[in-house]
Amino acid sequence: MNIALFTDNFFPELGGIQDSIALQAKTLGARGHSVVIVAPAASHADFTHANLPHDEIDLGPNVHIIRVPSFHVMSPTHQSRIAYPSLSTWKYLKPYSLDIIHVHTFFSIGFAARRAARKLGLPLVGTNHWAITEFSHYWIGPAQPFVRSTIAYVNWFYSRCSLVSGPSESTTIEMIKRGFRKPTRVISNPIDIHTFVPVSDDARARYRAEFDMTGPALVYAGRFAVEKYIDVIVRALPMVLTQHPSTKLYLAGHGEDRARLTEIATQLHIEKHLVFTGTLSHEKLARLYTAADLFTMASTSETQGMVLLQAFASGLPAVAARWRSLKEYTTPENGLLAAPYDSEDFAQKINELLGNTARLSALRISAPGTVTRFAPENIAAEWEKIYETEIEAISTPTIAATHTTTNT
């Protein structure tokens, strides 16, 4: 098949959406499909923020990337870009003889996907990666009008698609509750279980030395942004230190919230227990995961939380917020849930696991098994079936008429 993936968020910008689309494209390309990614052009500064060489990502010979002229917009990572609106983007796709378009975001590139599908007469499927209602703090004005209008907009945007997926039940349920009536599916983002893998005790000891871990190590990875509520973990750390005084919190990533987190740590006199690693490659992040003792995530804006699932794949248990997708994917086999926004409860759960070596060891063994079904090959096979069905449906109207809403 010849497949186009449209996204407003892509490499080198830091984020789970970006990682999932790159891995989906790479896997589909390796399985013999031709994949075109349409994404905003990036600047040299975008690569610098991510600590990356100024080179295009290589996803294999069957994956082609079309960069659309764009401009910078403010965001926590200082990397976000919006493509200039264009009515002619679809023309660049003609040489690829596309069979289907898959749209992942609902900004200007998303509109280009809708127009391309219409102009080229192609089926259009979508994925909603955003818990958009959790971003009202960026809006100047009352939150409720923002929530109502953004949900209405997201539903309207994806109404052009014949099928829309979400990486968690909470994502699709929210759309349906707000009036979305097109077929929906819960389909996980692919998790790179080939890079994020458990290691031997000897390898773990080497990685602990690499990161200078001499006591219990907690990890958070991702962008440093207000909606991630990393401060909840930082404020929990003094309570953790009362029982485990040599604990350190490793923060991997970048973003504008770093200064506030540093200030909080200074006020709490725990700055020596905070380690900012910078933004790490997947290979180095995997080593950090296998070296550490617990992953921590207090975010309320996750539609899945890919870094969380990467941690599980590495054999790293977690303490995560009991909120949205995190409560769907954090189970007794891979970690514990804590009350959202509650530093005291996070500290209690962290201490509970750090103080029980046998249980922590058992979780390290069982955690990888909770995410193996999300291997890139499994997710690619699921999308292949969907793409084939949608391609056939657009040429056979009677099949389209029997298309029903499913949630799996």
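Would you point out which residue out of LYS248, LYS272, LYS228 is modelled with pLDDT of 95 or more, assigned by TED's automatic domain parsing to the domain that holds GLU352, exposed (fewer than 15 other Cβ atoms within 10 Å of the Cβ) and among the charged types (D, E, K, R)?
Numbers: LYS248 fails: exposed (fewer than 15 other Cβ atoms within 10 Å of the Cβ); LYS228 fails: exposed (fewer than 15 other Cβ atoms within 10 Å of the Cβ).
The unique qualifying residue is LYS272.
Hey, could you check the range 322-351 for residues that are among the hydrophobic types (A, V, I, L, M, F, W, C) and in contact with a Leu (Cβ under 7 Å, 6 or more places away or on another chain) and say which is farthest from ILE173 (Cα to Cα)?
Pass one, the range 322-351, residues among the hydrophobic types (A, V, I, L, M, F, W, C): 323, 326, 336-339, 346-347, 350.
When the remaining residues are screened for being in contact with a Leu (Cβ under 7 Å, 6 or more places away or on another chain), the result is 326, 336, 350.
On the way: LEU326: 15, LEU336: 24, ILE350: 30 Å.
If we take residues in the range 322-351 being among the hydrophobic types (A, V, I, L, M, F, W, C) and in contact with a Leu (Cβ under 7 Å, 6 or more places away or on another chain), then ILE350 is farthest from ILE173 (Cα to Cα).
From (1) in contact with a Leu (Cβ under 7 Å, 6 or more places away or on another chain); (2) more than 25 Å from GLY253 (Cβ to Cβ), pick out the condition that doesn't hold for TYR153.
It is condition (1) that TYR153 fails.
Which numbered condition in (1) within 24 Å of the chain's Cα centre (by Cα); (2) free of Cβ contacts under 8 Å to residues at least 40 places away in the same chain is the only one that ARG359 fails?
(1)
Kindly indicate which of LEU93, LEU52, LEU59 is at pLDDT 95 or above and under 19 Å from GLY15 (Cβ atoms). Break it down into steps so the answer makes sense when it comes.
Working: LEU93 fails: under 19 Å from GLY15 (Cβ atoms); LEU52 fails: at pLDDT 95 or above.
Only one candidate passes the filter, namely LEU59.
Being in a loop (DSSP other than H, G, I, E, B) and either closer than 23 Å to SER200 by Cα or in contact with a Ser or Thr (Cβ under 8 Å, 6 or more places away or on another chain) (or both) is the filter here, so list the residues in the range 300-321 that pass it.
Correct list: GLU302, THR303, GLN304, GLY305, SER314, GLY315, LEU316, PRO317.
In the range 35-51, what residues are part of a helix (DSSP H, G or I) and in contact (Cβ under 8 Å) with a residue 60 or more places away in the chain? Can you show your working first?
Here is the first cut: in the range 35-51, the residues part of a helix (DSSP H, G or I) are 44-49.
Hit for the range 35-51 is HIS49, nothing else.
Looking only at the range 121-155, count how many residues are modelled with pLDDT of 95 or more and either surrounded by fewer than 17 Cβ atoms within 10 Å (Cβ to Cβ) or among the β-branched types (Val, Ile, Thr) (or both).
The number of residues fulfilling the criteria is 3.
Within the group PRO245, PRO216, which residue is farther than 14 Å from ASP293 by Cα and not aromatic (Phe, Trp, Tyr)? Talk me through it step by step, then tell me what you get.
Numbers: PRO216 fails: farther than 14 Å from ASP293 by Cα.
Residue meeting the stated conditions: PRO245.
Taking SER86 as the residue in question, decide whether it is part of a loop (DSSP other than H, G, I, E, B), more than 21 Å from the chain's Cα centre (by Cα), surrounded by fewer than 20 Cβ atoms within 10 Å (Cβ to Cβ) and among the polar types (S, T, N, Q). First the steps, then the outcome.
On the way: part of a loop (DSSP other than H, G, I, E, B): yes; more than 21 Å from the chain's Cα centre (by Cα): yes; surrounded by fewer than 20 Cβ atoms within 10 Å (Cβ to Cβ): yes; among the polar types (S, T, N, Q): yes.
It is true that SER86 is part of a loop (DSSP other than H, G, I, E, B), more than 21 Å from the chain's Cα centre (by Cα), surrounded by fewer than 20 Cβ atoms within 10 Å (Cβ to Cβ) and among the polar types (S, T, N, Q).
Considering only the range 163-216, state which residues are of a type in the set (Ser, Thr, Tyr) and either in contact with a helix residue (DSSP H, G or I) (Cβ under 9 Å, 6 or more places away or on another chain) or touching a residue at least 24 places away in the same chain (Cβ under 8 Å) (or both).
Here is the first cut: in the range 163-216, the ones of a type in the set (Ser, Thr, Tyr) are 165, 168, 170-172, 184, 188, 195, 200, 207, 214.
Of everything in the range 163-216, those that are of a type in the set (Ser, Thr, Tyr) and either in contact with a helix residue (DSSP H, G or I) (Cβ under 9 Å, 6 or more places away or on another chain) or touching a residue at least 24 places away in the same chain (Cβ under 8 Å) (or both) turn out to be SER165, SER168, SER170, THR171, THR172, THR184, SER188, THR195, TYR207, THR214.
Need the failing condition index for ALA338 against (1) touching a residue at least 40 places away in the same chain (Cβ under 8 Å); (2) under 13 Å from PHE312 (Cβ atoms), just the number.
Going through the list (1) touching a residue at least 40 places away in the same chain (Cβ under 8 Å); (2) under 13 Å from PHE312 (Cβ atoms), ALA338 breaks only (2).
Given the condition in the same structural domain as LYS385 (by TED's automatic domain parsing) and in contact (Cβ under 8 Å) with a residue 24 or more places away in the chain, answer yes or no: does some residue in the range 142-152 qualify?
yes
The values are calculated or read from the model by the stated rules, or taken from the named source; none is laboratory data. The shown structure was predicted, so the numbers you read here are calculated from the model rather than taken from an experiment. Positions of Cβ are backbone-derived with ideal geometry, glycine not excepted, and every protein chain shown enters the neighbour counts.
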